[in-house]
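Right, one structure below, let's go through it.
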Amino acid sequence: MYPDVIYQLEPALSHYTIMATLNPSNHTIICSMRFNYFNSESLPMDVLVFNVYPNAFRPSGYIAVDDVHGVGGEKLQYQVEKTVLSITLPEKVFPGLNYTVTLDFKVKIPPREYRFGYSAKTDTYMLGNWFPILAVYDEDGWHTYPYFQDGEAFYSEVAIYDVSITVPEEYVVAASGWLTGEESAGGYKTYHFHGEPIRDFAFTASKNYKVTVEQTENNVTVKSYYFSQHERGGKIALHVAKTCIELYGRLFGEYPYPEFTVAETSLGGNIAGMEYPTLIMIDHRLYNTWRSLELVIAHETGHQWWYGVVGNDQYMEPWLDEGLTNYCENLFFEYQYGPEEMQAVIQTTVKMNYLIYVDRGRLDQAVAKPSYAFGSPEAYFQIVYNKGAWIVDMLRYHLGDEKFFKAMSTYYQRYKFKVARISDFIEVFNEVSGEDLSWFFEQWLYNSGIPKLGSEYNVDKGELGYNVSLSLFQLGSVFKLKIPIVIYTEEGSRHVFHVWFNSSSGSYSFIVRDRPTQIIVDEDNYILKVQVFTSLKQARLLKAFAMTLISLVILLAASSALWGYSIYKKGFEEKGKKLSFGPNFFTLFPRAVALGLRERLTRRPEALLTILTYTFVSGASVLNYLLLGSGAITWFMFVLGGLILLNMHLTIAYRMRDEIATYSALGGNPSNIAGIYISGNLSSAFIGGVLGVLWAITAYTLKMYFSYIRVEEIEIVKGSVYGLLFCIVVSLVSAIYPAVKVSLLVTPSILRIWKLPKNKVYITRTGDYAVELRLPFRFPIEWFKDLVTYVREKYNSSIWMRNLKWECTPETAILSFDRDTIDLVSGREGTCNVSIIAKRVGESAEWFMKVQSKGTIYARNERIVHQVADLVRKDILEWFCLK
Ligand SMILES: [Zn+2]
């Protein structure tokens, strides 16, 4: 069932012949693949290992292998484990010989906008890494890397591809290789593609494709497939791709294939483009943004040289393709718009991008590392792509254009259709430049760290002209640097000097005839470095400022922790029963919150300290975001700030018991009280958070004053929002436990020892038998009714009735005193400040009950004294608590 493919068998290459039918109704591809393996190793092989990447998308995407046959049609043993398919060969295949296996398999395409998936929105299929592709075998064995979502880890040898793709007629296919024929039958269309020698085969299919085609000066057919609504974008894509094929061809060596295809796709997420041999996929969102579209196409086209023709292990040495390619983008701008535009592009997209990353404290790392070793997608991108491209720019500056491009094209020619390593790249550069560049690559690729460069200069008038003396210094590690120094003079002339600098400080002098107006160290920012101070004094000042800031933060943290601990030790000796919810909660709640907040802000010393702690937490997190950006520090602050605040909360909770009792006496149940507590605490967090943001911005602005790097204002706004949110999250988390404790605190024994100021509910025992109760708020009449009933039933109510006049009907309860009567139902004003005080007065044990500013009632009976005391102390309070 294979078409007769006519080709000259290239003995050194394996050959894939694939027949694929795309079925859009269930998003599958039914495939039959004949793979002619050519053993180019130096040992016999008895197993073939393939990468089956679709299995990384399980369960929505996968490859299901149905059958594997050998040459004579016999079934072969195979095994699929995650993204690896191993086929056991019936016999050993010796070096220089070949063996053919046939695979039948089904590919399920996931519903995902990605380089492998389909987009229902744009009705487009993106089919990269969709079939079993032979893994690379070398002295380390078979290279089967896990699928790398954040970048590429596709590693394969070049091979011959003949791929026939059948799709429903309304679909248009763009693919790797070049079209050798197409035919239609029964509502289906079959495209035949051939590619040789190419490293992989990908295709896209869409109902919405239009195509525009142009030839390059060397007769490469460049095709741009675009969605019909993006005609202008499609044409720009074609122009950029064509320009790049010509430009890179001149700079590095000719593009070796007859066709190159740009396909508009839906890559989703933050993926702008994806490279495959002779085919690149570009995300549709770029087709209205000319500059980004140019940038991405210039990048992905660059990959035809670095990854496509010169292969590399993308997993272990990603710099070798991404670093070089990310630099290539800039060459397009240099050619198309001139060196100034190229400078503008490389400074913003590569250099400042990376500097901002480092300035925010993200970890600088060595470039020559495996993809998985960077710790985050951001780090991978910033180090491999941006730092990587900056290093290539430095290399070009260091060698000069002639040597640089000669070395690049030598590298290309030497490793064309092969796989190169970074060591091969270095070897070529050493050879072509005629100098040993090991120090350069060691310093920039294999070591991490960035020079912190500073300079200071002085100008004197001498006999021959003007004498410029320049001091350079490096803070921290010392790098070996070749630095361009540019001097502009009054007459408008520009002098460029190159100095070597590889110590912590050095002095240089230059003589110019006219009076210098400007002396600029590394004007074009060739050298990778983070800070350029204009004077040593500033550098020292910055350092001192940073040290002061850090020690202040540490001091505040330590003292807060100690303070919190010492009062916490006084701790909680009280624990209690649950309280039930009383009426009028909603009218009391806001007042209780207001009262709590006022208390917290005005009366308690720890309140101020809490706010200060929040200030510290929020300020430090803003600074961490803007300057350091370390996840570890964020977690550390979260834990440290959380612990300090937890201590303070517990202390405050202890001191707040009277207040809490008020809430509970007013009818709050534990969750209401916890809620009140947390909301009061959030107010402190907000006030502290805002103060923290303010001091952080002040500190940051001061730091920026000395810094070379400018961070966009939006970052400051973002940092402030993060800081405030962080503070609030810390406050919520650290307040949960104390809030729960607080809500369970109210017990008679606690009530007993409370002392409250005027205008508060307070119940206190001042002597053995003295209890005092004051209620500042309007409280529900039902309580009094209940209280009276309770007392009547349980105790000798006549005691109460004799001295205090209670009248209790189902509708009203009136508490009468000698001089006054208070209506607790209707006369809501005037119902505050009710006090019932039982007090033993000296030996005579005279008891009186007093209504503050309303009247006094005495009891003169010893038995009554005890009874009242007991009653009030234990039972009324307990009654309140049970209430
Ligand atoms: Zn790339």
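Beyond 20 Å, the tail of the calculated P(r) for segment 3-94 holds 46 percent of the Cα pairs.
Placing Trp695, Trp305 in order of accessible area, with the largest value first and a 1.4 Å probe, yields Trp695, Trp305. Amide H to amide H, with H built 1.01 Å from N, Phe148 comes under 5 Å of Ala153, counting only residues 5 or more places away or on other chains.
Can you tell me the equivalent ellipsoid semi-axes for segment 480-531? Use √(5λ) from the Cα gyration tensor, largest first, whole Å.
Equivalent-ellipsoid dimensions as semi-axes: 22, 13, 8 Å.
Computed 3J(HN,Hα) for segment 675-691, one whole-Hz value per residue from the Karplus formula 6.51 cos²θ - 1.76 cosθ + 1.60 where θ = phi - 60°, is x, 4, 4, 5, 5, x, 5, 5, 4, 5, 4, 5, 4, x, x, 5, 4, glycine and proline marked x. Applied to segment 155-168, the Karplus parametrisation 6.51 cos²θ - 1.76 cosθ + 1.60 on θ = phi - 60° returns per-residue 3J(HN,Hα) values of 9, 8, 8, 5, 8, 9, 10, 10, 10, 10, 10, 9, 9, x Hz, with x for Gly and Pro. Kirkwood hydrodynamic radius of segment 303-382, from the reciprocal of the average inverse Cα-Cα distance over all distinct pairs: 13.7 Å.
Counting pairs of alpha carbon atoms under 8 Å apart in space and at least six apart in sequence, what relative contact order in percent does segment 424-512 give? Let's see the in-between values first.
On the way: 123 pairs, mean separation 22.5, N = 89.
Reported as a whole number, the value is 25 percent.
What is the diffusion coefficient of segment 88-229 in µm²/s, taking the Kirkwood radius over Cα pairs and the Stokes-Einstein relation at 25 °C with a viscosity of 0.890 mPa s? Don't skip to the answer; put the middle values down first.
Working: Rh = 17.7 Å.
For these conditions, the coefficient is 139 µm²/s.
Normalised by residue count, segment 208-284 yields a Cα convex hull volume of 86 Å³ per residue. Since only Ile519, Val478, Tyr508 are under comparison, the one whose Cα sits farthest along the positive direction of the charge dipole of segment 470-531, derived from C-beta charges on Lys, Arg, Asp and Glu, is Val478. Answer with one residue from Ala379, Trp439, Gln336: the one whose Cα lies farthest towards the positive end of the charge dipole of segment 311-446, charges on Cβ with Lys, Arg +1 and Asp, Glu -1. So the residue we want is Ala379. Across all Cα atoms of segment 311-446, the radius of gyration (one decimal) and Dmax (whole number) stand at 14.6, 41 Å.
Pairs of lysine residues in segment 452-534 that meet both criteria, 8 or more places apart or on different chains and Cα atoms under 18 Å apart, total 5.
Taking every protein chain into account, the 1.4 Å probe leaves Ser423 with about 70 Å² of accessible area, to the nearest ten. Computed from backbone phi, the HN-Hα couplings of segment 140-153 come to 8, x, 7, 9, 10, 8, x, 4, 10, 5, 8, x, 10, 9 Hz, rounded to whole numbers (Karplus: 6.51 cos²θ - 1.76 cosθ + 1.60, θ = phi - 60°; Gly and Pro given as x).
Ordered from largest to smallest accessible area (heavy atoms of protein chains, 1.4 Å probe), the residues Tyr307, Tyr488 come out as Tyr488, Tyr307. Just how large is the dipole of segment 208-284 about the Cα centre, in debye to the nearest 20, putting +1 at every Lys and Arg Cβ and -1 at every Asp and Glu Cβ? Dipole of segment 208-284, to the nearest 20 debye: 160 debye.
The values are calculated or read from the model by the stated rules, or taken from the named source; none is laboratory data. Small disclaimer: the values here were computed from a predicted structure and weren't measured. When we count neighbours, we look across all protein chains shown, and the Cβ atoms used for this are built from the backbone with ideal geometry, even at glycine. Accessible surface areas use protein heavy atoms only, side chains included; no ligands, DNA or RNA. Shrake-Rupley method; radii C 1.70, N 1.55, O 1.52, S 1.80 Å.
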